[in-house]
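The structure appears right after this line, and notes come after that.
The values are calculated or read from the model by the stated rules, or taken from the named source; none is laboratory data. Keep in mind it's a predicted model, so treat the numbers as computed, not measured. Cβ coordinates were reconstructed from backbone atoms using ideal geometry, including for glycine residues, and neighbour counts include every protein chain displayed. Each accessible area value is taken on the protein alone, full model and side chains, heavy atoms only, with ligands, DNA and RNA left out. Shrake-Rupley method; radii C 1.70, N 1.55, O 1.52, S 1.80 Å.
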Amino acid sequence: MADQYDVIVLGSGPGGYVAAIRAAQLGLKTAIVERENLGGICLNWGCIPTKALLRSAEVYHQMKHAAAYGLAAENITADIAAVVKRSRGVAKQLNQGVTHLMKKNKIAVHMGTGVLKSATTLEVTSDKGTETLSGKHIIVATGARARDLPFAKADGERVWTYRHAMTPKEMPTRLLVIGSGAIGIEFASFYNDMGADVTVVEMMDRVVPVEDADVSAFLEKALKKQGMTILTGAGVESIDVSANGVKARIKGKDGAVTEADYSHVIVAVGIVPNTEAIGLETLGVKAERGIIAIDGYGRTNVKGVWAIGDVTPGPWLAHKASHEGVIAAESIAAELGNKDVHPHPMDRANIPGCTYCHPQIASVGLTEAKAKEAGYGVKVGMFPFIGNGKAIALGESEGFVKTVFDEKTGELLGAHMIGAEVTEMVQGFVVGKTLETTEAELMHTVFPHPTISEAMHESVLAAYGRALHI
């Protein structure tokens, strides 16, 4: 007899475990299936441990520049093994936290590899054997993995994915990073701060190409100032791996091909959804290139089967997955008769993005270019951190805030920020967009002084010719 549940969640990343918790809170008998570690890639090998690494690099960077703050620090060194150990300790602590949350919410945890046998049954295989779970609804939350390059297969020695880069066997001396999205730029920033000679190759015409063009230009200038080599409009033609390093052939934007030697390579060219061999084809679940088609609530075309997170259309972000998990769980509860929940569909226009390089990047909504492409007439405001007292006092005066408004209605269309702690500030604009705010409400909002967040206010004022401190 199969174990019977209201909801079975396949995958325990930030989408899966949050969906399971919300389902349990709503009184649904819930199970979660995980083949590796509770918390998934984000908690164990992604968002959290990388931020621990970046924090160590940030502190190391500040210590090396102590004199700028009137302080003296001598013989500053970095122990990469100790830095990695701290990062893994942070991940372990949070993994234990998710385990506690499963117990607290009485969620049944089944460790093993899950395969859908029907829209209501899931087979779980582990070294202990095979068991069958039965559920009225199944949520697919199996996440994604790093995309390989055919000529640059990761070996964990010289050619790395993000997982290898988080637990390096040795400190790179000359590092080649292929791809300048969030993952590539964060590791480039980390290893540069830790002392490596870093080169970033990006096939598009600018780094972090999904961001506003002004942000991209500012970041490239900042990274070059920090000593990185940035090659845009370029591509890696081939790599030759030896025991001592990697020889890479790089084609520049001018078409010329050059060769250079590196100690290690990080491949950061996107992700591939983990949707193979889990039974989706057998059930007839619609997917394109492995990405499952869903409606705004997480429903697939097969009744009773739902999908959230990195197996669905982007952006592929942990917080988007978590929010989708809540929406799916509440939608399932509503279908099962709960009249107290009123789920709202995901609004992708209000999902913020954050990149934790140095300087940080944060954004929400349309870039200036995308707003114009969509047919909007726009008003744009920019305010540099050099005009912000707190940023100057912190010694972090590099950066700016940029806001984009509809010139007809005053609607906030997008906000784009680069500089110290902007990942902690962007939520103010996210709340504003969610509440459909206009420039009037933002202008009338009182921002505390002295804070870097005042640059947000000044950017809004600047869009309408009213900036005070520049």
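Values for this structure:
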read-out: Residue identified as touching a Cys at 6+ places or on another chain (Cβ under 8 Å), surrounded by 24 or more Cβ atoms within 10 Å (Cβ to Cβ), within 30 Å of Met382 (Cβ to Cβ) and hydrophobic (A, V, I, L, M, F, W, C) among Ala318, Ala362; value: Ala362
read-out: Residue, most open to solvent (accessible area, probe 1.4 Å), within segment 132-159, restricted to residues that are among the charged types (D, E, K, R) and in a loop (DSSP other than H, G, I, E, B); value: Lys153
read-out: Total residues in segment 254-295, condition without any contact (Cβ under 8 Å) to a residue 40 or more places away in the chain and farther than 26 Å from Thr113 by Cα; value: 6
read-out: Flag if Ile278 is open to solvent by 40 Å² or more (accessible area, probe 1.4 Å), hydrophobic (A, V, I, L, M, F, W, C), closer than 28 Å to Ile41 by Cβ and touching a strand residue (DSSP E or B) at 6+ places or on another chain (Cβ under 6 Å); value: no
read-out: Lone qualifier among Lys253, Lys221 - being among the charged types (D, E, K, R), part of a helix (DSSP H, G or I) and more than 23 Å from Ala146 (Cα to Cα); value: Lys221
read-out: Residues within segment 21-47 that are in a helix (DSSP H, G or I), out of contact with any helix residue (DSSP H, G or I) (no Cβ under 7 Å at 6 or more places or on another chain), modelled with pLDDT of 95 or more and of a type in the set (A, V, I, L, M), tallied; value: 1
read-out: Test: Ile183 is buried (at least 16 other Cβ atoms within 10 Å of the Cβ), in contact with a helix residue (DSSP H, G or I) (Cβ under 6 Å, 6 or more places away or on another chain) and not in a helix (DSSP H, G or I); value: no
read-out: Any hit, segment 253-261, residues being at pLDDT below 95 and touching a strand residue (DSSP E or B) at 6+ places or on another chain (Cβ under 9 Å); value: yes
read-out: Total residues in segment 262-287, condition in a loop (DSSP other than H, G, I, E, B) and not β-branched (Val, Ile, Thr); value: 9
read-out: Residues of segment 1-44 that turn out to be in contact (Cβ under 8 Å) with a residue 24 or more places away in the chain and either open to solvent by 50 Å² or more (accessible area, probe 1.4 Å) or of a type in the set (Ser, Thr, Tyr) (or both), as a count; value: 13
read-out: Selection count where residues are part of a helix (DSSP H, G or I), open to solvent by 100 Å² or more (accessible area, probe 1.4 Å) and more than 21 Å from Ala188 (Cβ to Cβ), scope segment 70-95; value: 3
read-out: Criterion: touching a residue at least 40 places away in the same chain (Cβ under 8 Å), acidic (Asp, Glu) and exposed (fewer than 14 other Cβ atoms within 10 Å of the Cβ) - qualifying residue of Asp340, Asp347, Asp310; value: Asp347
